Amino acid sequence: MPPSSSFCRFGLLPLALSLVVAAAPASAQYEQRNLVTQATITLADFLDDPDMDWLKANFRRAKAVLIAPHVAKAGFILGGSGGRAIVVAHDPKTGKWVGPAFYTLATASIGFQAGISVSEVLTLVMTEKGFHTLLTSSVKLGGDAAVAAGPIGAGAQSNLQSDFVSFSRATGVYGGLNFDGTVIAPSNDWNQAYYGKPFHAPDILVRMAAHNKQATELLNLVTRASKNSRGGT
């Protein structure tokens, strides 16, 4: 008896097809899921760093958090840089963190210290203005919204007044990336791949219409960081 007849006879063909269908979304989401996982690791590393006092103290003040696990430089000293990032947002009504939404980063500035080719970036979105710029087609930091380098070091104190406060590091080297001039834009195709529907940033971060269980660990980590934050100065 041909193998296909055996599958049909014992009801295995429908089962096999259902397994293929079930596996398809996970396979299609591979890059997006991997970015979320890497972003979770990056966030955990920053929060565990003793030099990130200001970040931890002011985390609860953030309207949203942008995490880019790998921002790569195109050239050695001159040239552009870019990467992919995720954004999670704080809902002031419920106190919950929602997302992620996917974004791209691009800059034509020098950006990196000489010899540094990859950096990880964590940015706190500190104002409503900053958050709303992320809901548009693109935002240029330093132009559409103000960006400042985050204070580094144990006991760092600063009364920063900026829409975005950005921390970056590469292999333990801080301040390697100049975020001024960076263009941040939503990645709608990645949002659709991750959620299975054509969601845009406002759908995810404001209307909270999109959910993916794979992001649970990330959202739990952000929630703990916000609750443990001292509130800043």
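A short reminder: the numbers here are calculations on the coordinates, not readings from a lab. These numbers come from a predicted model, not from an experiment. Cβ: placed from backbone, ideal geometry, glycine included. Neighbour counts: every protein chain shown.
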### Task
Among the lysines, select those whose C-alpha is under 20 Å from the C-alpha of K56, and discard any that sit fewer than 8 residues away in the same chain.
K96, K227
### Summary
Counting Lys and Arg as +1 and Asp and Glu as -1 over every other residue whose Cβ sits under 15 Å from the Cβ of R224, the net charge comes to +2
### Query
Label 7 Å along Cα→Cβ of R224; the range 81-106 residues with amide nitrogen under 16 Å?
97
### Contour minus Cα-Cα distance for A44 and Q214 (0.36 nm per residue)
59.6 nm
### Task
Grab the beta carbon distance between V206 and N159, set R0 = 41 Å, and tell me the FRET efficiency rounded to 0.05.
0.90
